[in-house]
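Written out below as structure tokens is the structure these notes cover.
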Amino acid sequence: MNCFVKSHGLGNDYIVLDSTEIDFNLDKAAIELLCHRNYGIGSDGILLLVPSAKADFGLRILNPDGSEAEKSGNGLRIFAKYLYERKHASSKAFSIDTPGGFVKAEVEEREGKVHHVTVEMGTATFRADEIPVDINKEEVVSQRLVLRAGEFDFTAVSVGNPHCIIFCDELREDIIRKLGPEIENHPFFPNRTNVQFAQVVSRDSVRILIWERGAGYTLASGSSSCAVAAACVKSGLTERQLRVLMPGGHLDINIAEDWSITMRGEVEEVFSGVLSDSLLSKLKNPSAMNF
């Protein structure tokens, strides 16, 4: 009871919990405490195993600010590793139901441990009404975004969750940290958005920095990699098979002719444990939280 696993995908870390094995309400205050890097376990979010009537497993993805994400590529790889190694999944290929759509995952095992996972991430769309983006265009490709710091061209895409991609000649962490919050909450994006600054390196590789909706600056993101790859192909900047390079590592992405996406990358468990009585008492009594 109240066991957890913490893993990361290229430095993007998540806590994994089983909804049938926790005895506290996973509300906003509890999520914020668990994800806090000083007072809790510390993570970029929580992956919660839940029942599903449509797939082998159900997944909820909870951001550190208490909001819920539709889909996470790194989260899905971490979740797939957890399901297989904790014997929830009996085969190496299985389906997962997320708020951002149904996906299929396949694990690669070596000496009893999962080291890589391939995920079918669904289909990319650039339609404004499907992302959504509040702009009078059918598709959001190379449109103008006005910020306090100036004007930028952006492409928006949904891969089950919304993304705003800005292509640039130079990547700077200080710039995305500065502009990320403003873009995330820009009026164009009614559901907020993930943000990526992207620098095309060659016809088969692109380098990116990421501001994740509800989490902030992150070392890597699977859904962001998929979104940027789709935007690169849509803009004619790369081939359909490409490598996305991030501070935390790389992912290999394939964009099919029908805009369906396949992602392959590493995943690693950090540690597992049981929530302490002291932490549980705070999780069950939000008024006791003092951070």
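The values are calculated or read from the model by the stated rules, or taken from the named source; none is laboratory data. None of the values given here were measured: they were computed from a predicted structure. Cβ coordinates were reconstructed from backbone atoms using ideal geometry, including for glycine residues, and neighbour counts include every protein chain displayed.
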Where residues in segment 148-183 are out of contact with any strand residue (DSSP E or B) (no Cβ under 8 Å at 6 or more places or on another chain) and at pLDDT below 95, which of them is surrounded by the most Cβ atoms within 10 Å (Cβ to Cβ)? ALA149
Filter segment 1-22 down to the residues that are at pLDDT 95 or above and more than 18 Å from the chain's Cα centre (by Cα), then identify the one that is farthest from HIS88 (Cα to Cα). ILE22
Please count how many residues of segment 243-280 are surrounded by 16 or more Cβ atoms within 10 Å (Cβ to Cβ) and outside any strand (DSSP E or B). 7
Selection within segment 169-207 - within 20 Å of the chain's Cα centre (by Cα) and among the aromatic types (Phe, Trp, Tyr): PHE189, PHE197
Just give me the residues in segment 63-101 being among the aromatic types (Phe, Trp, Tyr) and touching a Leu at 6+ places or on another chain (Cβ under 6 Å), in sequence order. PHE79
If we scan segment 71-79, do we find a residue that is part of a helix (DSSP H, G or I), in the same structural domain as VAL117 (by TED's automatic domain parsing) and polar (S, T, N, Q)? yes
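Does segment 133-156 contain at least one residue that is under 18 Å from SER225 (Cβ atoms), touching a Leu at 6+ places or on another chain (Cβ under 7 Å) and in the same structural domain as CYS226 (by TED's automatic domain parsing)?
yes
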Failed condition for LEU283, given (1) in the same structural domain as SER67 (by TED's automatic domain parsing); (2) crowded, with 16+ Cβ neighbours inside 10 Å; (3) at pLDDT 95 or above, with all others met? (3)
Please go through segment 85-109 and pick out each residue that is charged (D, E, K, R), in a strand (DSSP E or B) and in contact with a strand residue (DSSP E or B) (Cβ under 7 Å, 6 or more places away or on another chain). ASP97, LYS104, GLU106, GLU108
Would you be able to say whether some residue in segment 100-117 is under 16 Å from ASN194 (Cα atoms) and either assigned by TED's automatic domain parsing to the domain that holds GLY73 or crowded, with 24+ Cβ neighbours inside 10 Å (or both)? yes
Which one of LEU49, LEU33 is surrounded by 17 or more Cβ atoms within 10 Å (Cβ to Cβ) and farther than 25 Å from ALA105 by Cα? LEU33
Candidate set from segment 200-212 (those that are under 16 Å from GLU173 (Cα atoms) and among the charged types (D, E, K, R)); member that is surrounded by the fewest Cβ atoms within 10 Å (Cβ to Cβ): ARG207
Search result, residues across segment 225-240 that are outside any loop (DSSP other than H, G, I, E, B), β-branched (Val, Ile, Thr) and free of Cβ contacts under 8 Å to residues at least 60 places away in the same chain: VAL233
For segment 228-248, enumerate the residues that are closer than 16 Å to TRP211 by Cβ and among the hydrophobic types (A, V, I, L, M, F, W, C). VAL228, ALA231, VAL244, MET246
Answer from GLY40, GLY66, GLY58 - the residue that is surrounded by 15 or more Cβ atoms within 10 Å (Cβ to Cβ), small (Gly, Ala, Ser) and under 22 Å from PRO181 (Cβ atoms): GLY66
